[in-house]
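Asker: Right, I'll just put the structure down here and ask away after.
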Amino acid sequence: MAAVHEITTAQQLLEAPDMGPCELVRGRLVMGSYMEWQHGLVASRMLLELSSFVNQQSLGIVLAGKTGFQIGHDPDTVRAPDVGFIRSERVPRVRTRGYFEGPPDLAVEVVSPTDRAGELLAKVQDWLSAGCRAVWVVDPTSQTVSIYRGSRETAMLSVADELTDDEVLPGFRLPVAELFG
């Protein structure tokens, strides 16, 4: 396994599969931790709901948590959302090894108790700056979903609301309460 201080590029990170959960942010390795069970439960529910809808509508693909997306070069940045959606026209026709080049169209981040607000907002900004069309931040503690576009939060939904996003997933509807029930 490569020494942590030696990993500064996406290729080095790819060649060090025993690293555990981590991301590369502007050439700097950021170690993560394994998710707690509630985080995993909410992320799984979101993955299932999005996958079902996207597959039924033939809109693209939904990728499971910790799939790497290379969203920066020189210095390299590889981020990994809890759930990512890529529109059909952006899915590579030839499957190759490595990280997806560019951001997902939708990144879903599930808040963990160990997440710091500033770091989470920096990650949201990284996704949006790289061209992600929307970022949903799902918070199991407050039971809310925040939707980000551009440089600002555009909506905060509670368990009384329905999660929709006609710009990214036309027709998708999910009662927020179902994520936390």
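The values are calculated or read from the model by the stated rules, or taken from the named source; none is laboratory data. Everything numeric here is computed off the predicted structure, so don't read it as measured data. Quick reminder, even Gly has a Cβ in these numbers, built from the backbone with ideal geometry, and neighbours come from all protein chains shown.
Asker: For segment 12-31, how many residues meet the condition of being assigned to a helix (DSSP H, G or I) and touching a residue at least 12 places away in the same chain (Cβ under 8 Å)?
Answerer: 4
Asker: For segment 110-147, what are the residues that are among the β-branched types (V, I, T), closer than 16 Å to G84 by Cα and out of contact with any Leu (no Cβ under 6 Å at 6 or more places or on another chain)?
Answerer: V110, V111, V124, V135, V137, V138, I147
Asker: Then there's this: Within segment 101-121, work out how many residues are outside any loop (DSSP other than H, G, I, E, B), of a type in the set (G, A, S) and touching a residue at least 12 places away in the same chain (Cβ under 8 Å).
Answerer: 1
Asker: Select from segment 17-26 the residues that are at pLDDT 85 or above and either in contact with a helix residue (DSSP H, G or I) (Cβ under 6 Å, 6 or more places away or on another chain) or surrounded by 15 or more Cβ atoms within 10 Å (Cβ to Cβ) (or both) and list them in ascending order.
Answerer: Hits for segment 17-26 are L24, V25.
Asker: Could you tell me which residue of segment 148-181 is surrounded by the most Cβ atoms within 10 Å (Cβ to Cβ), considering only residues that are of a type in the set (A, V, I, L, M) and over 17 Å from G84 (Cα atoms)?
Answerer: Within segment 148-181, the match that is surrounded by the most Cβ atoms within 10 Å (Cβ to Cβ) is L157.
Asker: For segment 42-64, how many residues meet the condition of being assigned to a helix (DSSP H, G or I), of a type outside the set (S, T, N, Q) and either touching a residue at least 40 places away in the same chain (Cβ under 8 Å) or touching a strand residue (DSSP E or B) at 6+ places or on another chain (Cβ under 8 Å) (or both)?
Answerer: 9
Asker: Can you spot a residue in segment 113-126 that is in contact with a helix residue (DSSP H, G or I) (Cβ under 7 Å, 6 or more places away or on another chain) and among the small types (G, A, S)?
Answerer: No: segment 113-126 contains no residue that is in contact with a helix residue (DSSP H, G or I) (Cβ under 7 Å, 6 or more places away or on another chain) and among the small types (G, A, S).
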